[in-house]
Structures are given as C-alpha cells and as structure tokens.
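Before any comments, here is the structure.
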Amino acid sequence: MKIWLDGGLRDIESARVSVLDHGLTVGDGIFETVKATDGTPFALTRHLNRLTRSARGLGLPDPDHDEVRRACAAVLEANPMPLGRLRITYTGGHGPLGSDRGDQGPTLVVALGATTRRPDSTAVVTVPWTRNERGALTGLKTTSYAENVVALARAHQHGASEALFGNTVGQLCEGTGSNVFVVLDGEIHTPPLASGCLAGITRELAVEWTGARETDLPLDVLDRADEVFLTSTLRDIQAVHRVDERELAGAPGPVTAKAMRVFEERAGDDLDP
Ligand SMILES: Cc1ncc(COP(=O)(O)O)c(C=O)c1O
C-alpha cells in the first residue's frame, strides 16, 4: 500500500511523520474523506474547497489544490480497488509541545483504504453529550475528533452504527461522521449550519437534489419523525431503522427511498457535481 507524504508516494510501512507533529500532539489538523469508485474520486472539488475553508478556520496556510489533486491521483493509481476511502490529512506540522504552532510548514498525507458499500438502513443512538454550535472549531473538519471516537464507541455498544448529537440549546445537530435528515408530513428537513453541524458535502447535494429544507429541529423530533436518514461521503443517503429504542419499521420509507434513488442517479450523472 502506497500513501502520499511530503511530496511523493511512500510505502505505508515506512512512511513517517515527526512524533512532534502538531496534528499528533494537540489535534491541530484538518481532513477530508472522499469516496473513490474504481479509482475515481467523487465530488473532489467540493472536498478541496472545504479543506481550504477548514484550513483558513484553523489559520493553516491554504492547501495547494494542484498538489492535493496530484497526490490523490497518484495514491488511487498505485492502489487499485473497487471502492475506496481516500483520506486527506493536513496538519500544523512539526511543532512545540504546547498549543503554539511551529514554523516548519504543514504536513500533507493522502492515504487510501478499501471499504464496502453500506447497508441501505442502519440503527442510531442519541448521546448525552452536546455539539457546541459556538466553538472556535464549529463547522471545521478538524482532526480533533476524539469526542466522535467516544460517541461512536457508545453507538457500537448499543448495536448502532452512528451516534447523534444535539447542540447546547437542545436542537438536533449531526452524527459523529454524518448529517441527519427527518421526514415530517412528507417533507424533508435537516438542521441548518447554525446548529453547529459540519457542512457535509453529501448534505449539501441532498438538499440541492431533494429540495430538503433547513429547519431548526428539537432533538426530540426523532421521537416523532415519520422517517429519518443520514448522509455522508461513505453512506451517501442511508435510511435509519432504529433510533434508540424506537423502531422505524419498513425503513427506508417512501420519501427516503425516493431521495436515495435521486441521489444515486444524480451522483452517477456527474462525478464532480
Ligand atoms: C462531523 C461530521 N458531520 C458530517 C459529516 C458528513 O459530511 P460529508 O457528507 O462531507 O462526508 C462528516 C464527514 O464525514 C463529519 O465528520
């Protein structure tokens, strides 16, 4: 397996970054996960634009899109696979032990892992911890993801594949690595970005392609929604058949099933929408 590090392809076994990389010591980094089908990335332009937004939010230098594209292409070519998760990581680089950033420039890693198509429906749990809709990192895709590690472990303990967070004012926000949509009276709603959720690329496309509305939703909307679904790079649109103890029999329901069809069609028509 080959990855990209510091300007070229390396063997994953021998590739090394500094043990003082600020991404490692304090989580000072950003990332993107991109789906790649038969070696072709999906929506790469949107992912690169979000990478730049995250970099600016953290005060990292703008990533060089040409270099990142070259890195993605090289890694995909070196590791052929039917369905891959391409992972772009960009950190503050070698730095001091505290929160001040060093001056040796950022680290760029592009890696690829094999994955399989997700099931059409899944179970989720809600967690008691909150997303902070007013934090310095709100809306940025940073490598400070340990809260998501803890919440996802909780989901797995309960036989679920995702954990959903409310925000500090009790509104529905997002999952550890996905956005959430609900169907109410036949209409699709998803929390607005002001809820503190990540501006998911799949969310953005689903809103565009299904006409879903951005609506402030209380967390307990999950107790009464007719249908619930998740969106993310590797889930696309995925129905939810259980929220905590509540079963949503027959998931995907009709509205979700239609959204899944529309998403698949539109995504198939344009690989970089
Ligand atoms: C916290 C969080 N929310 C939402 C998403 C979904 O975003 P995307 O559709 O761009 O994968 C992700 C990405 O994996 C995420 O990490």
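With the structure loaded, tell me whether residue 86 is within 16 Å of the ligand (Cβ to nearest atom), outside any strand (DSSP E or B) and buried (at least 17 other Cβ atoms within 10 Å of the Cβ) or whether it fails that test.
no
For residue 85, state whether it is under 17 Å from the mean Cα position of the chain (by Cα), within 20 Å of residue 177 (Cβ to Cβ) and in contact (Cβ under 8 Å) with a residue 60 or more places away in the chain. Judged against the criteria, residue 85 is a match. On inspection, residue 198 qualifies as crowded, with 18+ Cβ neighbours inside 10 Å, hydrophobic (A, V, I, L, M, F, W, C) and under 19 Å from residue 32 (Cβ atoms). In region 111-123, of all residues being touching a residue at least 40 places away in the same chain (Cβ under 8 Å) and under 16 Å from the mean Cα position of the chain (by Cα), the one that is farthest from residue 143 (Cα to Cα) corresponds to 118.
Inclusion of residue 219 among residues that are open to solvent by 80 Å² or more (accessible area, probe 1.4 Å) and of a type in the set (A, V, I, L, M, F, W, C) is not warranted.
For region 31-42, a residue qualifies if it is over 14 Å from residue 65 (Cβ atoms), open to solvent by less than 40 Å² (accessible area, probe 1.4 Å) and within 16 Å of the ligand (Cβ to nearest atom), and the qualifying residues are 31, 33, 35, 36, 42. For region 144-172, filtering for residues that are touching a residue at least 60 places away in the same chain (Cβ under 8 Å) and either in a helix (DSSP H, G or I) or touching a helix residue (DSSP H, G or I) at 6+ places or on another chain (Cβ under 9 Å) (or both) leaves 5. Restricting the first member to region 42-54 and to residues that are farther than 12 Å from residue 204 by Cβ, and the second to residues that are among the hydroxyl-bearing types (Ser, Thr, Tyr), the beta-carbon pairs closer than 7 Å and six or more apart or on different chains are 51/90; 54/142.
The requirement of being part of a strand (DSSP E or B) and within 14 Å of the ligand (Cβ to nearest atom) is fulfilled somewhere in region 219-230, by at least one residue. Any residue that is at negative phi, within 16 Å of the ligand (Cβ to nearest atom) and not small (Gly, Ala, Ser) - is there at least one of those in region 6-25? No: zero hits.
The values are calculated or read from the model by the stated rules, or taken from the named source; none is laboratory data. All values derive from a computational prediction rather than experimental measurement. All Cβ positions, glycine included, derive from the backbone under ideal geometry; neighbour counts span all protein chains shown. Quick note on the areas: whole protein, heavy atoms, side chains included, nothing else; ligands and nucleic acids left out. Shrake-Rupley method; radii C 1.70, N 1.55, O 1.52, S 1.80 Å.
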